[in-house]
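Before any comments, here is the structure.
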Amino acid sequence: MLYQLYDWQRAALEPWRALAQAANEFYGHPTSPFSFLPGSRNVAAAFDLMGRLTQRYERPAFGIDAVGVGGRRLAVREVFEVAKPFCRLLHFVKDGAPPQPKVVVFAPLSGHFATLLRDTVKSLLADHDVWITDWIDAKEVPLAAGPFHFDDYVDYVREFLRFVGPAAHAISVCQPTVPVLAGVALMASNGEQTPRSLTMMGGPIDTRSSPTAVNDFARHRPMSWFESKVVQRVPMRYPGFMRRVYPGFMQFAGFVAMNPDRHFESHVQYYQHLILGDGESADAHRRFYDEYNAVMDLPAEYYLETVERVFHRHLLPRGQLKVRGEKVRPEAIKGSALFTVEGELDDISGPGQTKAAHGLCKGIPAKRKQHFEAPGVGHYGIFSGRKYRETIYPRIRDFIARHDR
């Protein structure tokens, strides 16, 4: 019922948002005579901010139209190679590109869309043939498609890796490190060829190591709390009407609650940038929050099972994780190289949580393992931003190149 009330509230705000947009043009457009009135910039800035705070943020576009490859500028087009009910495997095709290592990026299914990894993908495209898991907002998936469980995620991992082929390299960012490691371990146990390399970035392989506030929050609440407090039914106007989900708006509230002062100050600065006519800074704010505010609903089954298996019972590091009744044995992985990346200042997956994969993957020789802790880098800096591009990506590129045989 909470989700339905929230949706009605958003609908009720639409006329006010339209009014704010019109008033912003009225007082802020350079050809409007009212833009010359004293205080017009302040009024226009206030209505601009009001419009942004009340608008709906849908899935952003990747917006990667071209990339430099070997001194040439190649056009990039998006092709959905595999379509599943809850996810599409998106291929960034570069016509005319030379043969490059194949990389499958497993994006988090934890609130934001796969476009959050835009910087990751853009960097990879210069040197690799790239696919990414483009997760679908659960409220857009009809109830007839059935539920989506943790085991289904692992099935998707295996199917996507088989589709790309044994020459693939897998990169998992944050939350998918656990199902990706589970999927590859099951492939190895069943005699299938595994990816040439596994790169795991800021993921909760073992949340008992350097637990963060996020880990403590999950661990200290019983599963009944999550069932009753965060699981809702999709409102009636969406294709997924009556599907049980962890709504995006509740996740967004959690994101903001982690650093409320920082977000408040950011919006105050945005207002001031508009008054001062600092369009460059205002545009930077819009780009960040267009992505940050775009959140998706998660299937309730997957969310609850992840909380239980990863954060409550720690089944993978304890050697007790099973998928469809089959025990997950990371030590069975022998043909893949392993690279783990962590951020020194990561407040979501603490240092040591991803590195724990090395202790589990006993079948991989030490010479084919590598770990890097990025100094001065927080969670999002692991896969996005200047430090990622200058410090982390070159190491990923060289690791993949070294094991692409």
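Computed from the coordinates by the stated procedures, all read-outs in this text should not be read as laboratory data. What you are looking at is a predicted structure, and each value in this text was computed from that prediction instead of being measured. Cβ coordinates were reconstructed from backbone atoms using ideal geometry, including for glycine residues, and neighbour counts include every protein chain displayed.
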In degrees, nearest 10, range 0 to 90: what is the angle between the Cα axis of helix 2-28 and the longest Cα principal axis of the chain?
50
In nm, to one decimal, how far is the modelled label at GLU265 from the one at ALA253, with both set 7 Å along Cα→Cβ?
2.5
List, in order, the whole-Hz ³J(HN,Hα) value for each residue of the range 50-57 obtained from phi through the Karplus relation with A = 6.51, B = -1.76, C = 1.60 and θ = phi - 60°; use x for Gly and Pro.
4, x, 5, 6, 10, 7, 8, 10
Whole-Hz couplings from phi, Karplus 6.51/-1.76/1.60, listed for the range 133-148; x for Gly and Pro:
7, 9, 6, 9, 4, 4, 6, 9, 9, x, 4, 5, 6, x, x, 10
Hey, what did the chain get for relative contact order, percent, Cα under 8 Å, at least 6 apart?
19
Please state the relative contact order of the range 93-154 as a whole percent: Cα pairs under 8 Å, 6+ residues apart?
40
For helix 279-292, report the angle its Cα long axis makes with the longest principal axis of the Cα atoms of the chain; keep it between 0 and 90° and round to the nearest 10°.
50
Order of HIS169, HIS91, HIS267, HIS312 from fewest to most other C-beta atoms within 10 Å?
HIS267, HIS312, HIS91, HIS169
Treating the angle as unsigned and between 0 and 90°, give the value, to the nearest 10°, between the Cα long axis of helix 177-189 and the longest Cα principal axis of the chain.
30
How much of the DSSP bridge set in the chain is antiparallel, in percent, rounded to the nearest 5?
50
Collect residues whose amide H, placed 1.01 Å from N in the peptide plane, falls under 5 Å from the amide H of CYS87; neighbours closer than 5 in sequence don't count.
ILE136
Amide H neighbours of VAL377 under 5 Å, counting only residues 5+ apart in sequence or on other chains, H built in-plane at 1.01 Å?
GLU344, LEU345
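D for the range 1-56, whole µm²/s, Stokes-Einstein with Kirkwood Rh over alpha-carbon pairs at 10 °C and 1.306 mPa s: what number? Display every interim value, and only then the final one.
Numbers: Rh = 12.0 Å.
It comes out at roughly 132 µm²/s.
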Hey, what do the phi angles of the range 311-321 turn into as Karplus ³J(HN,Hα) couplings, whole Hz, using 6.51/-1.76/1.60 and θ = phi - 60°, x for Gly and Pro?
9, 9, 9, 6, 5, 5, x, 8, x, 10, 6
Take the alpha carbon atoms of the range 315-337, find their center, do the same for the range 346-391, and report the distance between the two centers in whole angstrom.
20
Which shape class, rounded, prolate or oblate, goes with the range 299-396 when its Cα gyration tensor gives a ≥ b ≥ c as root eigenvalues, a/c under 1.5 marks rounded, and past that a/b bigger than b/c marks prolate?
oblate
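Would you mind ranking GLU342, GLU14 so that the residue whose beta carbon has the fewest other beta carbons within 10 Å leads the list?
Ascending number of Cβ neighbours within 10 Å: GLU14, GLU342.
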For GLY111, what residues show an amide H to amide H distance below 5 Å, using hydrogens built from the backbone and excluding near sequence neighbours?
MET296
Calculate for the chain the 222 nm mean residue ellipticity that helices alone would give, adding -39,500 (n - 2.57) per DSSP H run of length 4 or more and normalising by residue count, nearest 500 deg cm²/dmol.
-12000 deg cm²/dmol
Convex hull over the alpha-carbon atoms of the range 173-303: what's its volume per residue in Å³?
198
